[in-house]
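Inspection log for the structure reproduced underneath, given as structure tokens.
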Amino acid sequence: MAVNQSELSRRRFLQTSALGAVGSGFLTSAHAKSDKKTKIDTTKILNYNPEMKYRPVGNTGVYLSVISMGGLLIDESVHHYAIDHGVNFVHISKKYKGGSSIRTLSKVMKTKRDHVYIAMKDNFDDIDKMLKLLHTDHFDFIMFNRHNHKDVNDPRILERFEKYKKQGKVRFMGLTSHKDVKACMRAGIESGNYQLLMPVLNQPALESMTEEIRLAHQKGIGVMGMKTMKGIKKPALQMAYLKKLLQNPAVTTVTKGINSFEVFDQYFKAMQEELSFGEDISLYKYAQSNRANNCMMCSECEGVCPHDLEISTMLRSKDYYYEEIGDKELAVNTLRNISRERLDTQFCRDCHECEAACPNGIHIVERLEKTHRLFDSYLV
Ligand code: SF4
Ligand code: SF4
């Protein structure tokens with residue numbers, strides 16, 4: 001039986017909202033207040049600040065602050081400020097901002113290494129150099145970056161991890177993905193190999209992965225939401241969405257590139273508040289009206305493209321890195337990593353198979369054309 005769009009939208013809302021949670025038994029008000037009710041031995045929490053909230057990463061013994069600092073946008077003083085406010089988790093890749101992000105973090109780690117856990121994207125080739133740069137002898141989490149669920153449990157990953165773990169250079173294994181995200185996370189959860197997942201968790205992704213996140217929590221796997229505000233422009237709605245994410249006990253921490261004191265203060269305040277019914281309704285309405293603008297990196301489009309184009313990476317480069325974050329260099333560098341054949345849209349105008357497959361109804365072809373108009377001169 002055909003189901004119309006408004007009925008689908010209503011069901012999605014009920015599945016993911018506080019209202020629906022009452023029915024599903026998942027996001028209950030008791031869960032929403034779980035941070036207050038659960039007794040935690042605060043002496044075990046690194047860099048504890050009573051005004052910050054912390055959540056455990058399964059049975060690792062690690063408690064992470066619910067706000068964590070990403071490395072895409074980074075400012076030395078703001079990182080210090082955040083850590084002084086109880087943040088105890090930072091994420092970095094040597095590739096962010098052409099390497100300048102990790103050099104900035106290096107300055108912070110000179111005095112703050114003992115205050116935080118570090119999650120490093122898998123840069124095994126020069127792990128010793130990266131450890132030295134960050135003034136440490138180990139990374140707490142190594143985040144393997146995999147874009148196809150078939151690669152998530154490649155035995156070579158485990159071998160590499162075990163090798164460095166034996167040498168004391170890494171502690172726990174994490175998984176991140178920018179494509180095929182839901183299936184990658186599912187494969188990571190089912191393998192039992194990973195202690196921390198880092199999925200894209202913007203509005204449509206949260207709707208789509210409610211079950212995976214619940215399952216991760218059930219199995220004692222931490223969830224570190226990234227690109228959570230992707231597609232939300234208004235600060236008030238962003239703060240409402242932060243509350244919504246944290247209302248879910250399965251979300252361990254929200255990682256965000258924060259390079260201004262004001263923005264950190266907004267996050268810190270919102271983290272202490274509960275999502276109101278009005279905010280939840282506003283988020284729902286926004287999610288529905290914004291659906292066709294918000295890619296969730298599911299890769300459904302790429303699965304049907306006869307030319308095997310890297311659609312979601314192209315959209316991410318333009319929509320997120322360039323237009324939302326304002327990092328042209330990152331957008332260009334990300335596009336440069338795509339082979340010429342997988343970037344070339346000259347054949348693609350008539351088929352529109354990708355648009356038919358996209359669950360969000362994104363006007364992909366139009367966006368790809370815009371990506372080319374913006375960046376072609378940088379890609380020769
Ligand atoms: S319209 Fe272009 S990008 Fe979309 S499926 Fe067809 S060839 Fe691929
Ligand atoms: S464009 Fe649509 S189908 Fe493609 S990754 Fe984004 S949300 Fe998924």
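Working out 0.36 nm times the residue gap between S289 and E353, then minus their Cα-Cα distance, what length gain in nm do you get to one decimal?
20.8 nm
Under a plain spin-label model, where a point goes 7 Å from the Cα along Cα-to-Cβ, how far apart in nm are E369 and K233?
2.1
Evaluate E = 1/(1 + (r/R0)^6) for K110 and K166, where r is the Cβ-Cβ distance and R0 equals 35 Å; express this FRET efficiency to the nearest 0.05.
0.80
Taking N as the number of residues in the chain, what is its Cα Rg relative to 2.2 N^0.38 Å?
Against the empirical 2.2 N^0.38 Å value, I get 0.96 for the chain.
Sort by residue number and name the cysteines in the chain that have no neighbouring cysteine Cβ under 4.7 Å.
By the Cβ distance rule, which asks for a partner under 4.7 Å, the isolated cysteines are C184, C295, C298, C305, C348, C351, C358.
Full-extension gain between K44 and D308, please, as 0.36 nm times their residue separation minus the C-alpha to C-alpha distance.
Full extension from K44 to D308 adds 90.2 nm.
Once you compute Rg and the Kirkwood Rh from C-alpha atoms, what is the Rg to Rh ratio for segment 52-106?
Looking at segment 52-106, the ratio lands at 1.03.
Suppose every K and R has +1 on its Cβ and every D and E has -1 on its Cβ; what is the size of the dipole of the chain about the Cα centre, in Debye to the nearest 20?
Approximately 860 debye in magnitude.
Let's test the formula: R0 of 30 Å, r as the Cβ-Cβ distance of E324 and D376. What FRET efficiency results, to the nearest 0.05?
0.90
For the chain, set up a Gaussian network in which alpha carbons nearer than 10 Å are linked by springs, and say which option among V263, V223, V170 fluctuates the most.
V263
Within the set K44/K230; K132/K233; K163/K219; K39/K166; K132/K269, which residue pairs have Cα atoms separated by over 29 Å?
Pairs exceeding 29 Å: K44/K230; K132/K233; K39/K166; K132/K269.
When the chain is fully extended, how far beyond the present Cα-Cα distance does L158 get from F277, taking 0.36 nm per residue of separation?
38.4 nm
Please give the calculated 222 nm ellipticity per residue for the chain, where each DSSP H segment of at least 4 residues contributes -39500 (n - 2.57) and the sum is spread over every residue; nearest 500 deg cm²/dmol?
-12500 deg cm²/dmol
From the square roots a ≥ b ≥ c of the eigenvalues of the alpha-carbon gyration tensor of segment 300-378, which class results: rounded (a/c under 1.5), prolate (a/b over b/c), or oblate?
Cα axes put segment 300-378 in the prolate bin.
For the residue pair E341 and D126, what label-to-label distance in nm results when each label sits 7 Å from Cα along the Cα-to-beta-carbon direction?
3.0
Read-outs: derived from the displayed coordinates by stated rules, not from any lab. In this text, all values refer to a predicted model and were calculated from it rather than measured experimentally. Every residue, glycine as well, gets a Cβ built from its backbone with ideal geometry; the counts of neighbours run over all protein chains shown.
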